[in-house]
Structures are given as C-alpha cells and as structure tokens.
1. Kindly establish whether Asp52 is surrounded by fewer than 22 Cβ atoms within 10 Å (Cβ to Cβ), among the acidic types (Asp, Glu), at pLDDT 75 or above and farther than 25 Å from Gly208 by Cα.
2. When the residues of the stretch 344-381 are filtered to those that are buried (at least 20 other Cβ atoms within 10 Å of the Cβ) and among the aromatic types (Phe, Trp, Tyr), which remaining residue is nearest to Gly287 (Cα to Cα)?
3. Does any residue of the stretch 47-59 turn out to be assigned to a helix (DSSP H, G or I), among the hydrophobic types (A, V, I, L, M, F, W, C) and either under 19 Å from Tyr98 (Cα atoms) or touching a Lys or Arg at 6+ places or on another chain (Cβ under 6 Å) (or both)?
4. Across the stretch 190-242, what is the total count of residues that are surrounded by fewer than 21 Cβ atoms within 10 Å (Cβ to Cβ), at pLDDT 75 or above and polar (S, T, N, Q)?
5. Take the stretch 269-309 and flag every residue that is at pLDDT below 90 and of a type in the set (Ser, Thr, Tyr).
6. Mind checking whether some residue in the stretch 311-330 is of a type in the set (Val, Ile, Thr), in a helix (DSSP H, G or I), modelled with pLDDT of 95 or more and surrounded by 17 or more Cβ atoms within 10 Å (Cβ to Cβ)?
7. I'd like the full set of residues that are closer than 29 Å to Val443 by Cβ and surrounded by fewer than 24 Cβ atoms within 10 Å (Cβ to Cβ), limited to the stretch 118-156.
8. For the subset of the stretch 400-427 comprising residues that are part of a loop (DSSP other than H, G, I, E, B) and not aliphatic (A, V, I, L, M), which member is nearest to Gly331 (Cα to Cα)?
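The values are calculated or read from the model by the stated rules, or taken from the named source; none is laboratory data. From a predicted model like this one, the values you see are computed outputs, not experimental measurements. Positions of Cβ are generated from backbone atoms using ideal geometry, with glycine treated the same way; all protein chains shown enter the neighbour counts.
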Amino acid sequence: MNPAIDDRADSAEVRGRRATRGAAIGFAIDCYDIYLPVIALAPALHFFMAQDVSAGTIALINGLVFAATLLGRPLGAFIFGNIADTAGRRKATLIAMYGSAVGTLLLAFVPGYATIGLASIGTLIVLRFVTGIFLGGQYTGAVPLAMESSPIAKRGLYGGLITMGFPIAFCIVSLFTYVLLTATGGAGNGDGTSVYEVWAWRIPVVIGAVVTFAFAVYYGRTVQESPAFLTADARTPAVKKENPAKQLLRGSSAKSLRQVLVLMSGVWILSNATSASFPITLRSLDGISPQRGTAIIVVAQLFLIAAYPLAGALSQRIGRRIFLAWCGGVGAVVAPMFYLAIVSGVATSFIGLAALTTGLVLTSICCFGCTAAYISERFRTELRATGYGIGYSFAIIIPAFYAFYERGLATFMDPDHTTVVLYVIGGLLLLVGALWGPETKNVDLSPDAATNKVAEDVK
C-alpha cells in the first residue's frame, strides 16, 4: 500500500494527528535553523572575519546572515508552493526537508577567514540564503497538508500545536549555546581562535542537519497526502491546470492575498519587536548580563509554548476574526505598557523582569497561535499551499528591516522607546487585517468541499 495515495487505511483523526505532528516537528526544525545564526553562530562570527573589524561591522554582518535566511524563505514559498499545489503537499515538503538538511550540514564545513579570507563570510551568507529557500518550502507544504487533514472542530488547536515549534526551537538553541559556551570557556577575546569560535559552534549545526534528515525519512513513511488535494487534483484535468501563482493574483484570490499580507505584516512587526529588537534592549539594561537576559527570555518562551495551543483552541471557539482583532488591539495598546515598564526599571529582580517579559511576549505574539489555520482557510484547495506560503513569507520582507526603522526613529525620539512605535504599527495592521477579512473557523477543507465554498466566498 502506498501511503502517499491510499489514505483509506487510517481514520481522518489519525491522519490529522500524523500530519499535525509532522508539521509541528518540521516547523520546530525550521525555527531551530533560523535561530542558529542569531543565537549559536553569533558568538563565533569573528571566525569568519578579520580581527580588526569594528563592532558596527560585526553587527551588520550578523544582520546580513539572519536576513539572508529570511529573504530566501519567500522565494522558497513561491517555488514550493507551486510544487505543493500541482504535485502534492507531501512531495514538496519532502524535497524541502532534504534540501534544508543538506544546506545546514554544509554550513558546518565552512572554513574561516584565516583559510579563505572574505570568501568565508560570503559563503556563509550564500548558504544561509539557499537554505532559507528550502526552509520556506518546508512549511509551505506541510502546514496546509496538516490543516486539510484536521477535523474542523480541532483545526485551531492543531494549528496552535504546530506553532509551538517556534518557542521550543528558541529554548533548545539557547540551551545548546549556553552549555557549549560554558563547557568551552566562552567565545574568547573575539580573535576567532577560541574553541567555541573554531569548532564548537558546529555541533548544534550538525545536530540540526542530522535531525532534519532523520525527520524527513520519518515524515515520508508516516504522513499521507492530503485527501483534499487528491480530490481536487483528480477533478481538475491536466490540460486545464494553471500556474497557482498566476491564479492567486486575480479575482477573489487576489483580495484574500492582499488581506493576508496586511494581517501577517502586522504579525511579523510585532514578532520582530519582541523576538529580535527587545532582547537587545533587555541586555543593555543595568544589571542585565547576556546570560541573565537570555534566561529571562527563555522563561517567557516556556509560557508561550503552553499559550499557543490555548490560543488556537480559543480562536476555534470565539472565531479567528475576533481573536486576531483582539490580538491586534492588545498588541498596540497593552504590549507597549509591558515594554515601557521593563525599560523604565519598574522591576529589577529576576522574577519581576521575567513576569513583565512574559506579559510582553504573550500580549504581542500569541496571535501566531491561529495563523496556521487562518491562512490555510483563506484560499481554496488548488491555491492553498501557494497562498499560504506567499501570504506567510512575503509578509516577512518589510518587517525584516525593523532595525533601520528604529534607527530612523531614534533621530528624533528616545532610542529605547522606538520599539513602542513598532508595537503600535504592528498591532494596528493586525487589527485592520483581521477586520478586513471574513470569519473562517467553520470553513470546510475536506475532500467533498475541496472545490466548493472556501473562506474567499464567506461574507
């Protein structure tokens, strides 16, 4: 029996659990790979550069390495979205998984500046971009497959379980980095010759590659193709099939895409404010060492692990539209209050700062708990993977330059308060995007409804 096409042996509930488990682990691996350069590789960047580079140049290079991964994801979403909508979600996901495993493994073999000069950092950036393409394709196929395989009543919960991979990955990479830095005596004096800078950073990279490859094998053996895709594919004659990306740019699909891009731009601005900008501000406060700052953020991320499935389940109960609109309002109004309380020194103890940081994290990025389900519900079956991938990934581009926006704002306001502007703008975009779109929680993604009404048609 071919598990890719014969799905009759297992119940819909079993298929849904397997697909959700596959998407959740895959998303965690995706986030793990994204956090590698931000957390694990950052202390070793001197290994790839000359010893006399300035701190500003190091910060710029670190930003470029991170941006290369993010900018590769939209291209991967476009490429693999088309594959997923024409050849199958499962096939696209497997290709992307094996590709990301190879790209991550190659990263571990990049020689340092002392060996190949400037080509070292150039190779690093190119590899991160190429790996980003495969990472963008990984969730583009896996998430729609999981949502199509999930029971309607549990789709919100399953979507939240998938999104748990984000904080889980953050905690794992942070733990690896902390243990390795402690075991090897730290990153040294920044001359690129310490044990961590030369080889220890490669350990979490190799582990990530091996885990990705092993999971790809597991995914291929246990996860079946989406029944909704198989039904829609069988009903659409090959001669009439059209490029999904082209279909996405016209009619009601184009309207759905515009709305999702606005909503997700708000989500990503909120996310970058909390996950990228805030940690730097936190570690710059008096009495906050890098280790203490990381520990505070990890505590907040642990609460987020529990919050995501609860957020997804809540969106299933009250509706995605209402839930996301509330998240937008809370992100614009309440999150800045937590942020200002932290930078103003309202609390200085570890427990106090951890509590305020947890409040900031929960009020700003809990919205991710239902995005997997919501975006999947906004596009019909033939376009779902492409719509999900483009809507999720292309919205990253403008928010990715948050550091430049904050630098500009800092010319006429307190630099510590520029992040507040990001929270307000991100929250308002999320609020507007949510109210612009329809309610989607009862949209049927089952095979019988694959070619019928979807969220595009719900008024």
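1. yes
2. The extreme case among them is Phe368.
3. no
4. Qualifying residue count, the stretch 190-242: 2.
5. Within the stretch 269-309, Ser275, Ser277, Thr281, Ser284, Ser289, Thr294 meet the criteria.
6. yes
7. Answer for the stretch 118-156, where residues must be closer than 29 Å to Val443 by Cβ and surrounded by fewer than 24 Cβ atoms within 10 Å (Cβ to Cβ): Pro151, Ile152, Ala153, Lys154.
8. Asp414
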